[in-house]
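Before any comments, here is the structure.
The values are calculated or read from the model by the stated rules, or taken from the named source; none is laboratory data. Just so we're clear, the structure is a prediction, and the values are computed from it rather than from any experiment. All Cβ positions, glycine included, derive from the backbone under ideal geometry; neighbour counts span all protein chains shown. Please note that ligands, DNA and RNA were not included when accessible areas were found on the heavy atoms of the full protein model with its side chains. Shrake-Rupley method; radii C 1.70, N 1.55, O 1.52, S 1.80 Å.
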Amino acid sequence: MDGGAGGPCNVQYLLENVDFSGVSATGKLIQHGVNSKPEGKVLPVFLARDGSLGGFKSVLSQHLDGFLNEGCVQLGPEWDSGLGCNFAVRRLNVWTAAEIEGGVKLSGPGFAVAANNEFPSFGGNAGILSYAAGYNGYGALCRPGNVYELEGAWRDSPVIDVAFSDAALQSVFGAEEVTLKTASGSCAVRSGVQRFIGRLGPVPTAPQSDCGALLFNSQPNSETLSISNIALGRPTAASSSEQSIYDSAKAVDGSVDTRWSSTFQDNQWISVDLGVVYELFAVTVQWEAAHARDYLVQSALDEPSWHTAATVTINEPGEVQTLFPEHFARYVRILCQTRATPWGCSILE
């Protein structure tokens, strides 16, 4: 099985119920870096939860010799002389449309060795990351559940963001995370958060992740969120609408001249599907004169499973920003428990 990989080359190959018995005794079962750039010989990783990799959970390339210090073992030529590890190893990407001046270095488990600056490692074994021109990012591997430090001359523009593993693998291995530190702060980056489409990193309109803003921006994270309305234009639902002109979509259309208004009852709600999982810590509601007196800010990864992030009581309409502990969610709901007026609950934005 060939592990080539497109840039930044740290592709994860999951093997399930693979039977290599038909391979000749002198043949290779896997191979890193077939018809690839040098990084393709170093960064692809083979994964398994069964016996497909000879009982190992991960097989890395032979060039990442720092993982020998973590307990991995050197395998034979049938495994491309790779490193067999009895623990999970996952991809880590730093996405940016322009190379970081002075380079990027990753420190942590697996990289505490002297740099091998020869082909094809070029220092990658010691955490010196190579920029994949044309693919908009840097690639590396890391151990879930551990702490790593990223060093670089970070900038606010073009945007820099970070991603760990793949959302699709969460259904196989469960939720995983790695803690990253920079000079600006630290953040737990989780596997279930999918922020980019395709092989070129975040799409131009994608909002920067909370971790990306915290780790790489010179401005506070809250400033980044204050200019990003991630609910804008997203699909909505509601328990009721007073009239068709006051349907739920009016609460996310970007205009304070339109509104959603419920029927004249308590316990009415409106929800929005953000489309992808975000790390949330604040929700802002622009209430019309017919506002809720008591309401819940709720969130969910799956729409039926609502979690109450905050309980709010207000005495007048207007813009109300509610902060709560950071957590991951795709859906957000405002549940109007009691009304402040005889009318319904009415939200401008």
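Per the helix-only calculation at 222 nm, which mean residue ellipticity applies to the chain, given -39500 (n - 2.57) for every DSSP H run of n ≥ 4 and division by its residues, nearest 500 deg cm²/dmol?
-1000 deg cm²/dmol
Carbon and sulfur together cover what percent of the accessible area of the chain at a 1.4 Å probe radius? Walk me through the numbers before you get to the answer.
Details: 7930 of 15690 Å².
Roughly 51 percent, rounded to a whole number.
Connecting C-alpha atoms closer than 10 Å in a GNM of the chain, tell me which of 67, 119, 164 has the biggest fluctuation.
Ranking 67, 119, 164 by mean-square fluctuation puts 119 first.
Need one number: nm distance between label points at residue 17 and residue 81, each 7 Å from Cα along Cα→Cβ, rounded to one decimal.
3.5
Please work out how much length the chain gains when fully extended from residue 328 to residue 308, using 0.36 nm per residue of separation minus the C-alpha to C-alpha distance, in nm with one decimal.
Values: separation 20, 0.36 × 20 = 7.20 nm, distance 1.26 nm.
That pair, residue 328 and residue 308, stretches by 5.9 nm at full extension.
Kindly count the pairs of lysines across the chain whose alpha carbons are less than 23 Å apart, treating pairs on different chains or eight or more residues apart as eligible.
Working: 28/37; 28/41; 28/57; 37/105; 41/57; 41/105; 105/181.
Qualifying lysine pairs in the chain: 7.
Give me the number: length gained by fully extending residue 244 to residue 264, i.e. 0.36 nm times residue separation minus the C-alpha to C-alpha distance, one decimal in nm.
Working: separation 20, 0.36 × 20 = 7.20 nm, distance 1.46 nm.
Full extension from residue 244 to residue 264 adds 5.7 nm.
Sort out for me the Cα centre separation of region 27-101 from region 290-349, rounded to whole Å.
The two parts, judged by their Cα centres, are 46 Å apart.
Tell me the label-point distance for the pair residue 101, residue 147, using the 7 Å Cα-to-Cβ offset, in nm and rounded to one decimal.
3.1
What residue among 134, 289, 305 has its Cα farthest toward the positive end of the dipole of the chain, where the charges are +1 on Lys, Arg and -1 on Asp, Glu, each on the Cβ?
Sorting the options by dipole projection puts first 134.
Modelled label-to-label distance, residue 68 and residue 294, 7 Å Cα→beta-carbon offset: nm?
Label-label distance for residue 68 and residue 294, simple model: 6.6 nm.
Just the accessible area per residue of the chain, please: how many Å² with a 1.4 Å probe?
In whole numbers, the chain has 45 Å² accessible per residue.
How much accessible surface does residue 187 have with a 1.4 Å probe, in Å² rounded to 10?
10
I'd like the FRET efficiency for residue 133 and residue 155, computed as 1/(1 + (r/R0)^6) with the beta carbon distance as r and R0 of 22 Å, rounded to 0.05. Mind dumping the intermediate values first?
On the way: r = 17 Å, r/R0 = 0.79.
Once the sixth-power term is evaluated, E becomes 0.80.
With r defined as the distance between the Cβ atoms of residue 112 and residue 26 and R0 fixed at 35 Å, what FRET efficiency is calculated, to the nearest 0.05?
That gives a FRET efficiency of 0.50.
Which three extents, in angstrom, do the Cα atoms of the chain have along their principal axes, listed largest first?
80, 45, 30
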